[in-house]
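Nothing in this text is a laboratory measurement; each read-out follows from the coordinates by a stated rule. Since the model is a prediction, treat every value here as computed from it, not as a measurement. Backbone-built Cβ (ideal geometry, glycine too); neighbour counts: all protein chains shown.
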Amino acid sequence: VRIRVPGGRLTAEQLAVVADAARRGGGGTIEITNRANLQLRGVGPADAPRLAATFSAAGLSAGEMGDLRRNILLGPLAGLDPTETADLGGLVGAIAARFDAEARLDGLSPKYGIVLDGGGRWHLRARRADAVVTALPGGGHGLRLSVRATGSERVVSDVEELPDVLTALAVESVGRRRRTVAGPDDRPAAPVSGPLGVGARSDPGRCWVGAMPVLGRMDAATATAVAAWADRHAAGRLRLTPWRGVVLGDVDATGADGATDEATGLGLVTGADDPAATVVACAGRGCASSHTDAIADARAVIAARRPGPGPAAVHVSGCEKRCAQHRPAAVTLLGVGAGRYDVLVGDRRVADGERLVASGLDAAAAVRYAVGAA
Ligand code: SF4
């Protein structure tokens, strides 16, 4: 069950509902996806309708058809990061409502997605989507937005127009083959780990606090504890990040270190130097296509690494599709046969940037290679 969370924003109460559902027939594990949604695996067909009703009652679903149109990805620090170009958070609700009400979108691909990138340190430049909205510098008191989709690029200065512009692009895409685009290529590469630890906001005395469950996965008890943590420190408001973590956006500066320590105590990653901060893995055994136990092998990589500044990014993928990879990886373990990996080094987004350095290694040898190479 995938729970689409437009803009990644949800309440502690909603997270507690998901935790409870995971505990009672929802597979037990909650994943934060790299589109800042939530996912429960291993849900039996008999449990799915009950869970859908539970999530609707908690405001976590717009109903079956509406829900498919709520893939709206927003920078996790929108409105909080003093370095961002513009805060696009206020647009999420208007776009979701416009899409939900539009009957011509009934045939929209369930994967259709929108990126809203306001810039800043955790910008979404490299993220591909069907439509990418990027805040342009130099907007003065107004806002200038670049709107890109396949075969289309325009600048919108009247923000009120944006929901209609995006709706028209989505309507045009119905019945066509999906082709994603990225935003303008004019920013430094996004960091390989998400917002972790304490960060300053522009308003004095307030901070944000970021944390990530290892590999973006947590059990129901941890999710319940994270909800209570958000209640204690941020009036019950959380943001999910496309780096598979969570952010409390509005924390009193005097309590920020304590909030971070509590997150560490819950087993969450709270520093970019943590060996787990830059390791990603796909669903592995949770996916029928996987050749390997990617999650267990990623955990083995984490366990064998030493903490240190900026550990290089490792990506463990159960097959060649690389579903989990939305950031450059220094080392990629690619499942190619029963329990076996090819090892690739470098960034495949750059022409000739990735090299195959070992083929068909068993998992233990691949893990050793990744730890040594990263
Ligand atoms: S990368 Fe392959 S094995 Fe992993 S989740 Fe995607 S399709 Fe499944």
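For segment 1-145, the relative contact order is 22 percent, taking Cα pairs closer than 8 Å that sit 6 or more residues apart in sequence and dividing their mean separation by the residue count.
I want the antiparallel fraction of DSSP beta bridges within segment 300-363, as a percent rounded to 5. Of those bridges, close to 75 percent are antiparallel. Note on segment 273-357: Cα-only Rg and Dmax are 12.2, 36 Å. Shape summary of segment 169-216, radius of gyration then Dmax from alpha carbon positions: 18.1, 51 Å.
Taken along its principal axes, the alpha carbon cloud of segment 81-217 reaches lengths of 47, 40, 29 Å, longest axis first.
Each label point was placed 7 Å from the Cα along the Cα-to-Cβ direction; for A126 and L356 their separation is 2.3 nm.
Show me 322-333, 198-209 ranked by packing, highest mean number of other Cβ atoms within 10 Å first.
Working: 322-333: 21.4, 198-209: 16.2.
Ranked by mean Cβ neighbours within 10 Å, highest first: 322-333, 198-209.
Once the Kirkwood radius over Cα pairs is known for segment 191-248, the Stokes-Einstein relation at 4 °C and 1.567 mPa s delivers a diffusion coefficient of 108 µm²/s.
Which order do peptides 260-272, 301-313 fall in by mean Cβ count within 10 Å, highest first? Can you show the working numbers first?
Details: 260-272: 18.9, 301-313: 15.0.
Ranked from most to least packed, the peptides come out as 260-272, 301-313.
Annotation for A168 and A57: the two label points, set 7 Å from Cα along the Cα-Cβ direction, are 4.3 nm apart.
What does a probe at T150 reach in segment 109-133, counting residues whose amide N is under 15 Å from the point 7 Å along Cα→Cβ? Of the residues in segment 109-133, 109-114, 128-132 have backbone N under 15 Å from the label point off T150. Against the empirical curve 2.2 N^0.38 Å, the C-alpha radius of gyration of segment 139-199 lands at a ratio of 1.47.
What Kirkwood hydrodynamic radius, in Å, does segment 107-173 give when the mean of 1/r is taken over all pairs of distinct Cα atoms and then inverted? Intermediate values should be presented prior to the final figure.
Values: mean 1/r = 0.0798 Å⁻¹.
Mean inverse Cα-Cα distance, inverted, gives 12.5 Å.
Sorting H233, H291, H315 from the fewest to the most surrounding beta carbons within 10 angstrom yields H291, H233, H315. Membrane-span-like helices in the chain, defined here as complete DSSP H runs extending at least 18 Å along the helix axis by their C-alpha atoms with mean Kyte-Doolittle hydropathy no lower than -0.5, are 220-234; this is a sequence and geometry rule, not a statement about a membrane. Normalising the average separation of contacting C-alpha pairs (under 8 angstrom, six or more residues apart) by the number of residues puts the relative contact order of the chain at 14 percent.
How large is the direction-averaged shadow of the alpha-carbon convex hull of segment 229-374, in nm²?
Working: hull surface 38.4 nm².
Average of the hull's projected areas for segment 229-374 equals 9.6 nm².
Against the compact-protein benchmark of 2.2 N^0.38 Å, the Cα-based radius of gyration of the chain scales to 0.97.
Based on the Stokes-Einstein relation at 10 °C and a viscosity of 1.306 mPa s, and on the Kirkwood radius from alpha carbon pairs, segment 32-127 is assigned a translational diffusion coefficient of 105 µm²/s. Counted over segment 1-49 with a bin width of 10 Å, the fraction of Cα pairs per bin, in whole percents, is 26, 58, 16.
DSSP finds beta bridges in the chain, and of those with both partners inside it, around 75 percent are antiparallel.
Extension gain for D20 to A296 (0.36 nm times residue separation, less C-alpha to C-alpha distance): 96.9 nm.
Taking every alpha-carbon pair under 8 Å whose residues sit at least 6 apart, segment 65-170 reaches a relative contact order of 25 percent. For segment 148-245, treating each Cα as an identical point scatterer without solvent, what Debye log10 I(q)/I(0) comes out at q = 0.24 1/Å? Taken in order of the listed q values, log10 I(q)/I(0) reads -1.19. For segment 194-344, a crude dipole built from +1 on the beta carbon of Lys and Arg and -1 on the beta carbon of Asp and Glu, taken about the Cα centre, is about 440 debye to the nearest 20.
Extending 7 Å from Cα along the Cβ direction at S202 and again at E320 yields two label points whose distance is 4.8 nm.
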